[in-house]
C-alpha cells in the first residue's frame, strides 16, 4: 500500500507549485496558485480469504488560483492519469464573497495493489 500523501505530492512536483494535504498550514502565506488534496474514500476493491489485495481510493485534488487555471488543470490531469489515476469528476466551485481564489475540483480513482 502506498503513502497517498507522499505519492500525490511526488506526482504533482513537476508543476513547481505548493501542494498541501487537505489545506494550507495555519500561519503560512497563501500563494497565488496552489494545490490541496485529500482522500475522500478508501474501500476494498479485491478481497479473497478474508484478505484485502486491492484498495479503491477516491482522491480529490483542489486547484486554487487568483487567475485563469486552465493550463494548470490540464497539467494536473495529464500527470495524475499518467500515474495510473482515472479522472471521474471535475467542476468549478462557485466563488463566494470573501474568497480570494477560484477553485477547481478534480476527483480521481486509484486502485492500490498490495
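Counting helices only, and only those DSSP H runs with n ≥ 4, report the 222 nm mean residue ellipticity of the chain as the sum of -39,500 (n - 2.57) divided by its residues, in deg cm²/dmol to the nearest 500. It would help to have the intermediate numbers written out before the result.
On the way: 2 runs with 22 residues, N = 114.
Using -39500 (n - 2.57) per qualifying helix, the result is -6000 deg cm²/dmol.
Please figure out what share of the DSSP beta bridges in the chain is antiparallel and state it in percent, rounded to the nearest 5.
On the way: 33 of 37 bridges.
Here the share of antiparallel DSSP bridges comes out near 90 percent.
For a quick size check, give me the Cα extents of the stretch 27-67 along its three principal axes, largest first, whole Å.
50, 22, 11
Counting only Cα, what are the radius of gyration and maximum Cα-Cα distance Dmax of the chain, in Å?
Looking at the chain, its Cα Rg and Dmax stand at 15.3, 53 Å.
The numbers here are math on the coordinates, done by the rules we state, and not lab data. Everything quoted here is computed from the prediction, not taken from an experiment.
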